[in-house]
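Colleague: Sharing a structure here in structure tokens format.
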Amino acid sequence: MTQPVPPPHSPEPPSYQPPGFGYPMAPQSAPPKLNIAGGIVVAVITALVVGAAYGGILGSTKHEFGYAALAVGFIIGFATGKVGGDHVGLAVVGAALSLVSVYFGQLLGEAIIAAKQLPVSVSELFFQHFGLLNDAWRADADFMSYVFIAIAAVAAFGGMKRAV
């Protein structure tokens, strides 16, 4: 039997696709923006300001506070991460600057305490007699002084991770 017209073409059955578990895939997020130069600038400025505040606290109370050193590191790391983004180099810069900031704060606190007892100003002690000030800090430093400095570096990493 011949047909003058071929039979209509039937569509192929749809291929099997496994269920998507009810939800479509989430869209990919945009890559994080990095501002390395801005993060470094903010880290330096924050380290100076927070270190000076830490030194002021130490100078007025004549007592070291572990929570204050923790706050110094956290604030520096948080500010660095907020402006600069999530970059390993910025985390290292923030941790290093928190070490310097706590050391600077402890020296400033030592200078404030000494300026109350001596007839010299804090700035004169800090800029003209820095060697004596550093020797006085080393004489007063105990194991906990170094622990506070290390705590600040660890807190800087934590603050940076919280910011991003």
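The values are calculated or read from the model by the stated rules, or taken from the named source; none is laboratory data. What you see is a predicted model, and the numbers here were worked out from it, not measured in a lab. No Cβ is skipped: glycine too gets one built from the backbone with ideal geometry, and neighbour counts run over all protein chains shown.
Colleague: Out of everything in region 103-137 that is within 27 Å of the chain's Cα centre (by Cα) and over 12 Å from Gly59 (Cβ atoms), what residue ends up being surrounded by the fewest Cβ atoms within 10 Å (Cβ to Cβ)?
Modeller: By that ranking, first place goes to Asn134.
Colleague: Just to confirm my filter: which helices (runs of 4 or more DSSP H) fall fully inside region 48-164 and include at least 3 residues that are charged (D, E, K, R)?
Modeller: Details: elements: 66-84, 88-117, 122-128, 130-140, 143-163.
Output list reads 130-140.
Colleague: Sort through Met160, Met144 and tell me the only one that's in contact (Cβ under 8 Å) with a residue 60 or more places away in the chain, of a type in the set (A, V, I, L, M) and more than 30 Å from Gly84 (Cα to Cα).
Modeller: Details: Met160 fails: more than 30 Å from Gly84 (Cα to Cα).
None of the others qualify; the one that does is Met144.
Colleague: While we're here: Out of (1) over 11 Å from the mean Cα position of the chain (by Cα); (2) surrounded by 14 or more Cβ atoms within 10 Å (Cβ to Cβ); (3) under 19 Å from Gly59 (Cα atoms), what's the single condition that is false for Ala152?
Modeller: Of (1) over 11 Å from the mean Cα position of the chain (by Cα); (2) surrounded by 14 or more Cβ atoms within 10 Å (Cβ to Cβ); (3) under 19 Å from Gly59 (Cα atoms), only one is false for Ala152: (1).
Colleague: When you go through Val88, Val100 one by one, which is the residue that is under 18 Å from Ala153 (Cβ atoms), surrounded by fewer than 16 Cβ atoms within 10 Å (Cβ to Cβ) and of a type in the set (A, V, I, L, M, F, W, C)?
Modeller: The conditions single out Val88.
Colleague: Report every pair of residues separated by at least 6 positions or lying on different chains whose Cβ atoms are under 9 Å apart, first residue within region 55-70 and touching a residue at least 40 places away in the same chain (Cβ under 8 Å), second assigned to a loop (DSSP other than H, G, I, E, B) and of a type outside the set (A, V, I, L, M).
Modeller: What qualifies is Ile57/His63; Ile57/Phe65; Leu58/Glu64; Leu58/Phe65.
Colleague: Residues in region 68-77: is at least one surrounded by fewer than 18 Cβ atoms within 10 Å (Cβ to Cβ) and either on the phi > 0 side of the Ramachandran plot or not polar (S, T, N, Q) (or both)?
Modeller: Residues of region 68-77 that are surrounded by fewer than 18 Cβ atoms within 10 Å (Cβ to Cβ), as a first pass: none.
Scanning region 68-77 turns up no residue that is surrounded by fewer than 18 Cβ atoms within 10 Å (Cβ to Cβ) and either on the phi > 0 side of the Ramachandran plot or not polar (S, T, N, Q) (or both).
Colleague: Just name the residue that is modelled with the highest pLDDT out of those in region 54-70 that are small (Gly, Ala, Ser) and more than 16 Å from Ile113 (Cβ to Cβ).
Modeller: Ala69
Colleague: To continue, here is another question. Which one is modelled with the highest pLDDT among residues in region 22-44 that are touching a helix residue (DSSP H, G or I) at 6+ places or on another chain (Cβ under 9 Å) and in a loop (DSSP other than H, G, I, E, B)? Walk me through it before giving the result.
Modeller: The initial filter retains those residues of region 22-44 that are touching a helix residue (DSSP H, G or I) at 6+ places or on another chain (Cβ under 9 Å), namely 34-44.
Checking which are in a loop (DSSP other than H, G, I, E, B) leaves us with 34-35.
On the way: Leu34: 86, Asn35: 89.
The residue in question is Asn35.
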